[in-house]
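Structure first, then comments.
The values are calculated or read from the model by the stated rules, or taken from the named source; none is laboratory data. Source: prediction; values computed, not measured. In this analysis, Cβ positions are derived from the backbone assuming ideal geometry, glycine residues included, and neighbour counts consider all displayed protein chains.
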Amino acid sequence: MADKIKVYELKNVTKVYRNEGREFTALKDINLDIYEGEIFGIIGMSGAGKSTLVRTLNRLEEVSDGTVSFFGEDIGKLGSKELRKVRQSISMIFQSFNLLNQKTVLDNVVLPLKIAGVPRSLRREKAVEMLKVVGLEEKKDSYPAQLSGGQKQRVAIARALAADPKVLLSDEATSALDPRITSEILDLLKEINKTRGLTVVIITHEMSVVEKICDRVAIIDDGVLAEVGKVSDIFTAPKSEAARRLILPGGEGNVVNPYKASGNGGRIVRIAFDGLSANEPFISNLVEDTGLKVNILSANTKSVGGIGYGQMIIELPKGADDQKVVLDYFGSKGLGITEVDE
Amino acid sequence: MEAFVQAAIIKGIGETLQMTFFGTLFSYVIGLPLGVILYLSAKGHLFENKTVNALVGTLVNICRSLPFLILLVLLIPFTRLVVGSSIGTKATIVPLTVGAIPIVARMVESSLNEVPSGIIEAAQSMGASPLFIIVNFILPEAVPSLLLGGAINIATVLGYSAMAGVIGGGGLGAIALQYGYYRYEKTVLWVTVALLIVMVMVIQEAGVRLSKRVRRS
């Protein structure tokens, strides 16, 4: 990705909160690059520091140490006037929408244009255009209280896009919405990313959000960057404990593996397959080719960025020799294998 | 009731309304900015400043704890300086204003505190200047609550204006005192009290309705 333009470059970003003599480190030595035009996910459990991290990207949160560069410029060094100028090209949407209840939908969308100094006559026109993008043109004279949650977030997105930002930061923007509406909002973000080439940074605690639209993802665990990479790579071969916790069935927050080997000497592994080998009936082939049986404890396939990915949790047959035969067989098929600890 | 008493009561209604109107107006001219300063300088707000907040806060608290009757007397020299006299309707507007300023300031502060912090965060993320945030985000969002507080403040000033009758202020309070109390005319006393009650109720109800009408959430 060396040829791509870096929107953000984070170097050794650390955030320490000091309160009445006590210290709390929210972010520890984070190094991260975000490139132009990508949808970058930041995922972690609640309290992991992901919201603090996204707030350092527009300096709503000051870093204690390290630098946050936006198109090569250290935003920590900006004066308040310059910072305001830069913030006009970094827009943000929130879990609680943060629309002004006393203003109409149109007047909400007009606000960033007013801040950017767009002439009065052009503001309305531009705002209506943005409402068209999110499909809410006919609601322009309504008040936020008259809208559903999904519609409110669409208005917030229209407001965020109005002043032609370079980046859109999304802080748990779909967490208050039901799955169907979440999916619609994510589709909208993806579409905006494609049609406008807008860089999108998405903060979430839901793996499904990352799977659906992100190109790359950073996993934040207890203030530390546990892993960063292409979503498909992390999905098929998670390296960190935090990533495995998020991806493995058994759910978030469930550190203990829910699957127990049924007898002595049993071993449980997780096999991951990508779009290519998903078409092959490899378990049947395994049985036919080797005569050994495996016990499928869990299986699921998902579409990640349009390509099918799948994983299975299987229990290997007893006996070290048989286990080796099975593992070698999977290895020869190019499947990713991870041991699942009991 | 004698005709001249009736005429006095009608004149008194006019004076009370006049004192209430100008007393409230002037107290907002000073109290509203003070309330905004209290809000902005508080911890975690746009212009967090411990010294300013403590200074204005203490001043407001001291003024609020003074009984209004004491304030009336204390302010006599100041009133003379401003109006040229310490008795009458015009003169009463001065202590009314001074007495209501701290109440208005606290009421405004509490209305502004009702604005969700997320809205201010959104404004900051858009790159809005602090002045822009106050004028275009915080104040408009606080309007329904400010109106509700306004009704309470008007009613308070009205009550205070009646008290000013004791030291030679005009209005219904003075009539209640002079005719009703000193001359033992119970009818006059009850009529003036009833009028004051009706006025407070009308103001309060109007404020609540207006606030509801403009509230969009």
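A few remarks follow.
- Scan of the range B:164-179 for residues that are surrounded by fewer than 22 Cβ atoms within 10 Å (Cβ to Cβ) and either in contact with a strand residue (DSSP E or B) (Cβ under 9 Å, 6 or more places away or on another chain) or hydrophobic (A, V, I, L, M, F, W, C) (or both), ordered by number: B:Val166, B:Ile167, B:Leu177
- With respect to (1) crowded, with 16+ Cβ neighbours inside 10 Å; (2) in a loop (DSSP other than H, G, I, E, B), the lone exception for B:Met1 is condition (1).
- Single residue of B:Ile119, B:Ile76 found to be in contact with an Asp or Glu (Cβ under 7 Å, 6 or more places away or on another chain) and among the aliphatic types (A, V, I, L, M): B:Ile119
- Selected residue [more than 10 Å from chain B (Cβ to nearest Cβ), under 22 Å from A:Val7 (Cβ atoms) and surrounded by 20 or more Cβ atoms within 10 Å (Cβ to Cβ)] from A:Met130, A:Met92: A:Met130
- Residue tally, condition under 15 Å from A:Asn98 (Cα atoms), at the interface with another protein chain (Cβ under 7 Å from one of its Cβ atoms) and surrounded by fewer than 22 Cβ atoms within 10 Å (Cβ to Cβ), over the range B:120-135: 2
- Options B:Ile70, B:Ile93: the member that is away from chain A (no Cβ under 14 Å), more than 30 Å from A:Val109 (Cα to Cα) and touching a residue at least 12 places away in the same chain (Cβ under 8 Å): B:Ile93
- Where a residue in the range B:51-66 is more than 13 Å from B:Val104 (Cα to Cα) and its partner, wherever it lies, is loosely packed, with under 13 Cβ neighbours inside 10 Å and of a type outside the set (A, V, I, L, M, F, W, C), with Cβ under 9 Å and at least six apart: B:Asn53/B:Lys43
- 3 or more residues of a type in the set (Lys, Arg) and surrounded by 22 or more Cβ atoms within 10 Å (Cβ to Cβ): qualifying strands (runs of 3 or more DSSP E) within the range A:1-84: none
- The range B:45-82, subset small (Gly, Ala, Ser) and closer than 30 Å to B:Ser129 by Cα, residue surrounded by the fewest Cβ atoms within 10 Å (Cβ to Cβ): B:Ala54
- In the range B:186-201, the residue that is nearest to the other protein chains (Cβ to nearest Cβ) out of those that are exposed (fewer than 13 other Cβ atoms within 10 Å of the Cβ) and under 28 Å from B:Leu148 (Cα atoms) is B:Met201.
- Residues of the range B:138-185 satisfying the condition of being away from every other protein chain (no Cβ under 14 Å) and among the β-branched types (Val, Ile, Thr): B:Ile152, B:Ile154, B:Thr156, B:Val157, B:Val166, B:Ile167, B:Ile175
- Counting only residues that are in a helix (DSSP H, G or I) and more than 30 Å from A:Leu60 (Cβ to Cβ), the range B:14-68 holds 27 of them.
- Scanning the range A:196-251 for residues that are in contact with a Leu (Cβ under 7 Å, 6 or more places away or on another chain), in a loop (DSSP other than H, G, I, E, B) and modelled with pLDDT under 90 returns no hits.
- Among the residues of the range A:135-181, those that are crowded, with 19+ Cβ neighbours inside 10 Å and over 23 Å from B:Glu121 (Cα atoms) comprise A:Leu136, A:Lys139, A:Lys140.
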